[in-house]
Each structure stands twice: as C-alpha cells, then as structure tokens.
Amino acid sequence: MSTACVNNCKLLKSICLNVFGAIKRRKMSIDNNDIGSNSYDDAVKMLNSLQSYTSKLTRHPGNLKLGQAINENRCGISHEDLDQISVIHVAGTKGKGSTCVFCEQLLLHKGYRIGLFTSPHLISVKERFRINGKVISDDKFVFYFWSVYNKLLSKKSNEEELPAYFMFLTVMAYKMFVNEKVDVAIIETGIGGEYDCTNILRKTSVVGISSLGFDHTTVLGNTLQEIAWQKSGIMKPNSVTIVANDQPKETHQILIERSVEKQTTLLEAPPFNKYNWYENTSELGVLSTAQEINVSLAIQLANAWINRNNKYDWLKECKIGPNGMKQAPIWEINEQDKQALRDVKWYGRNQVLNITPNLSYFLDGAHTIESIQLCSKWYQNVCSNSKSQLNKKNILIFNVTALRDYSTFLNILFSENKIDLVLLCPIVTLINNRRPDTVDMNFNYEEQLAKCYNMKNSIDICDVEVFNSIQETIEHVKMCSSSEKNINFQVLVTGSLKLVGGVLEVLQS
C-alpha cells in the first residue's frame with residue numbers, strides 16, 4: 001500500500017472516531033430520555049457534528065449510501081413515500097437555484113402548495129427549506145431535525161455512521177415534504193446529478209437542467225461533455241426534461257443521448273423574448289440576461305408540471321430545433337405570471353442594497369468563470385445606469401472558496417470594470433463568531449488569511465487592503481462613505497455565496 005493511501009486511511013480513521021464520538025455522546029443523551037432539545041441552535045450544533053472530511057466532494061456515488069439507508073428503513077421514510085411526492089428536479093452549473101425560486105413563485109401564484117429545497121444557505125441553514133414560499137420556522141426545523149436524527153440513530157449499527165451534512169438535510173427535506181403534503185416539491189441538486197444524494201427518487205414528473213459550465217471539475221470531470229453526463233443523471237423514465245437555451249454546443253449530443261438512455265422527452269426552453277409579455281419586461285424586475293434564461297426555464301418547468309397529465313397533447317406540437325432538440329412550447333403569459341416574477345426575492349443573486357444616499361452594495365454569489373463573467377456585465381450595466389457618473393468609487397469585496405482560480409476571476413472583473421479599491425478578508429463574519437449556522441468544521445482561518453495576502457500580492461492595478469473578517473471590512477466601507485459624503489460608493493461583493501451571506505448578515509445586523 002502506498003504512503004498516500006496509508007496516510008488517507010489514518011486520516012479517515014481519525015475522522016470516523018470523532019464522528020462516532022459525537023454519535024456516542026448523543027446516544028447516551030437519548031438513553032437518558034433526552035429526545036432532542038427544543039433549541040434551534042442545539043439542533044444546528046448537532047447537525048454540524050455531521051460535517052467532516054468524509055463529507056468532502058468525491059467521485060463516489062453518495063446517492064447509493066442514502067438509497068441503502070432508505071431501503072433498510074433507517075430514515076423514517078421509504079421509497080414508497082418518495083413515490084408519492086410530485087417532484088420538479090433541477091440540476092445545472094449556473095442559475096439552478098434561481099430557476100427553482102422563479103418556478104416556486106409561478107406555481108404559488110396559481111394556488112399550489114409548494115415545497116422548496118435549495119442550497120447553500122446564506123445566513124441560516126433553515127433557509128434551505130421553504131413551504132409555500134416562506135422559510136420554515138425554528139420550531140419546524142427542530143421538529144424535523146430530531147425526527148430524522150433520532151430515527152437514524154436508533155437504527156444505527158456499530159459499523160455505520162450517520163449521513164454526512166448535505167445528505168442528512170436531503171433526508172429532512174423529503175420527510176418534510178411528505179409530511180407537509182405539498183402538491184409539488186421543487187428540488188435543487190447539490191453537486192452534479194447522477195450521483196447526487198437528491199437523486200434517490202424513482203419517479204420524477206419534470207426535470208430541469210439550467211446553464212452548464214465548469215465547476216467542481218475534480219468530481220464532475222474536466223470536460224463539458226463529462227459535466228453534462230453527470231448533470232443529466234437526474235433524468236427519469238416517462239418524465240419531461242427541459243434544458244436552458246444557452247447550453248454549450250459541446251453538451252448538445254450528450255444531452256440528447258442521455259435523454260434516450262433515460263427514456264425522457266427532451267425539450268429546449270425558448271429565449272425570454274419569444275414570450276408575449278404585452279409590456280416592458282423591465283417592470284418584471286428581471287435584471288440580467290442570465291436571469292432571463294432562468295425565467296424562461298422556470299416558465300417551462302411550471303407549465304410542464306401543471307400540464308403533466310395531458311403532456312402527449314402538447315408534446316406532439318413540439319418541433320426539432322437547430323440544436324437537435326425539440327423546442328418547448330411558447331406558453332401564454334398572464335398577469336398572474338408576471339406578478340409572480342415581480343414577487344421573487346432571491347437574496348445574494350443580482351441583488352442591490354442601497355444603504356445610504358452615497359453607499360450601495362451589489363451582491364452576487366458568482367463562483368464559476370461563466371457566472372463571474374455574467375456578474376461583471378451585470379455590475380457594469382447597473383452602475384452605468386446609476387444616477388450619478390461623477391464622484392463615484394468602485395469597491396470590490398472579494399474571496400473564493402476551495403481551490404477556485406481567483407486570478408482568472410479577478411482578471412474578468414478588472415477587464416470590464418474600473419475598480420478603485422479591492423478589499424479582501426477570510427470568509428468569516430467576525431472573529432470568534434460561534435453562531436452555529438456559520439460553523440464550517442473544514443474551514444481553516446490561517447489558510448484563508450494567507451490566501452488573502454497572496455491575492456493582494458497578485459493585484460497591481462489598484463489599491464488593496466486585507467481585513468481580518470467580513471465585519472471589519474464592512475465597517476471600513478461604512479467609515480469611508482461616512483467621511484466622504486460627496487462620493488458615491490458602489491460596492492460589488494462576489495466570488496462566493498458564503499462571502500455574500502456574511503456581508504448580508506453584517507448589513508442586516
């Protein structure tokens with residue numbers, strides 16, 4: 001056995017001992033009749049104990065492990081229960097979360113009861129779960145957390161470990177949506193599709209694939225064809241699969257072949273401007289070309305689900321388009337649909353916050369090359385339409401997670417925008433912050449701070465400052481804008497959804 005393998009085995013053994021230790025302590029508390037604290041923070045702390053290096057992304061199929069747990073009735077939910085949920089399942093590289101939220105609002109405004117599961121969260125883990133357009137309450141989160149946790153623990157054998165963090169939340173979501181009797185559950189995948197743990201469903205009514213691009217290449221593959229293969233893994237027999245209309249040419253044949261393999265009907269969503277809006281679409285609050293693509297896909301998913309029982313009537317009207325895929329119908333848009341789009345609130349994506357007359361934040365959690373390009377254009381367009389083009393200062397608050405290529409991201413932002421000042425900080429809201437929702441057991445503060453200084457040394461076109469936390473960074477911006485009221489400060493925050501979430505938390509407090 002190689003040295004690397006031995007070291008990995010030792011690391012895995014150490015991690016498992018820590019996880020089992022947490023489980024054993026929890027088991028002792030249950031034996032002492034502690035069925036689970038009513039505290040939201042206590043539930044999130046226990047959830048965080050499921051974070052470990054074993055939950056880091058690998059090529060191993062995570063859905064097989066979860067499927068086995070369901071087969072053995074260890075989760076408190078069965079495959080038969082899952083079969084009863086009507087599901088819209090969405091994968092993609094960019095815009096899958098936004099597509100899910102647009103779809104949620106379109107169906108809510110038509111009177112349906114909707115469950116929504118998305119990731120990651122910005123401020124609170126309970127944001128990942130919505131019932132009828134509202135984030136679930138602390139009490140509901142606590143109830144479903146302990147319901148799933150205690151069931152898994154009671155069925156656990158000595159050799160087994162509890163599901164990792166995201167897998168556990170997936171079980172929670174499915175159990176919640178079964179119990180809450182939603183008309184349809186809109187499920188966003190975590191990573192990929194084929195092996196994503198959300199992909200344990202045997203039946204899915206409607207499948208969506210948002211814009212594809214490069215991300216998580218160590219897991220999903222280094223080519224667009226490999227990534228398309230992974231994402232299309234959520235296709236199911238007898239479903240309707242609709243893909244966004246901006247898919248790279250390299251992915252078209254893979255999507256077509258996978259649709260045949262998976263026995264699904266494949267459609268391509270039309271461009272946003274093909275719908276008859278009967279008014280200036282700027283009033284809808286759709287602020288970017290990327291969101292127009294997401295809106296069109298959401299319109300298709302919602303209408304395909306509503307009309308799923310007579311799908312053969314409208315599918316026979318769909319013709320093959322230039323990309324070799326059938327073109328989805330141009331559904332009629334009514335006032336109800338337009339109001340639904342106006343009502344969408346999806347924080348941290350193309351979001352503008354006007355804090356004071358001379359201070360505005362532009363927040364977008366872009367974290368892939370393609371999404372950074374779109375974010376850069378959005379910031380440029382929004383700022384060019386601002387009231388004053390004189391006496392303005394453009395500030396970039398930036399960082400990335402994992403091993404993402406920050407140099408490429410920065411080059412894109414600098415090439416299209418005049419940035420006067422860059423502010424860097426580790427992705428931690430404040431030093432010694434112990435709020436459970438912010439805990440990341442795989443986070444290394446010293447490494448993040450060192451990366452910030454490496455980024456600073458790589459930037460030579462403007463001033464750069466490094467701060468110890470997000471809170472210190474925001475306080476610096478506030479101080480600058482307060483002391484120079486004749487200057488309009490336009491602050492772009494991007495590179496990471498976690499960074500955007502931290503900024504939102506500080507600004508809200």
Whole-number D in µm²/s for the chain (Stokes-Einstein; Kirkwood sum over Cα pairs; 4 °C, 1.567 mPa s): 54 µm²/s
Accessible solvent surface per residue of the range 273-355, calculated while the other protein chains remain in place, 1.4 angstrom probe, Å²: 53 Å²
Cα-projected label distance for PHE414 with LYS377, points at 7 Å along beta-carbon direction, nm: 2.3 nm
Mean Cα-pair separation over length for the range 84-232, i.e. relative contact order, pairs under 8 Å, 6 or more apart, %: 39 percent
Electrostatic dipole magnitude of the chain [Cβ: Lys, Arg +1; Asp, Glu -1; Cα centre; debye, to 20]: 700 debye
Tally of Lys pairs whose C-alpha atoms are under 20 Å apart, taken over the range 204-319, 8 or more apart or cross-chain: 11
Interchain or long-range residues, amide H under 5 Å from VAL243's placed H: ILE209, LEU267, GLU268, ALA269
Inter-site label distance for SER78 and LEU353 at 7 Å from Cα along Cβ, in nm: 4.7 nm
Kyte-Doolittle at least 1.0, axis length at least 15 Å by Cα - qualifying DSSP helices, the chain: 165-179, 497-508
Förster-model FRET efficiency, 56 Å R0, THR223 and TYR453, C-beta, rounded to 0.05: 0.95
Amide H contacts of GLY321 (H built 1.01 Å from N, under 5 Å, at least 5 apart or other chain): LYS326, GLN327
Cα centroid separation - the range 433-509 against the range 121-145, whole Å: 27 Å
Per residue value of the accessible surface for the range 143-195 (all protein chains in place, 1.4 Å probe), Å²: 33 Å²
Mean-position separation - Cα centroids, the range 357-422 and the range 226-298, in angstrom: 27 Å
Length-normalised contact order for the chain - Cα pairs under 8 Å, 6+ apart - percent: 16 percent
Relative contact order computed over the range 174-290 (Cα-Cα under 8 Å; 6+ residues apart), in percent: 22 percent
Protein accessible area in the chain, 1.4 Å probe - carbon and sulfur %: 50 percent
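The values are calculated or read from the model by the stated rules, or taken from the named source; none is laboratory data. This one's a predicted model, so the numbers in the text were calculated from it and none came from an experiment. Note: ideal-geometry Cβ built from the backbone for every residue, glycine included; neighbour counts use all protein chains shown. The area values use the complete protein model at the heavy-atom level, side chains included, leaving out ligands, DNA and RNA. Shrake-Rupley method; radii C 1.70, N 1.55, O 1.52, S 1.80 Å.
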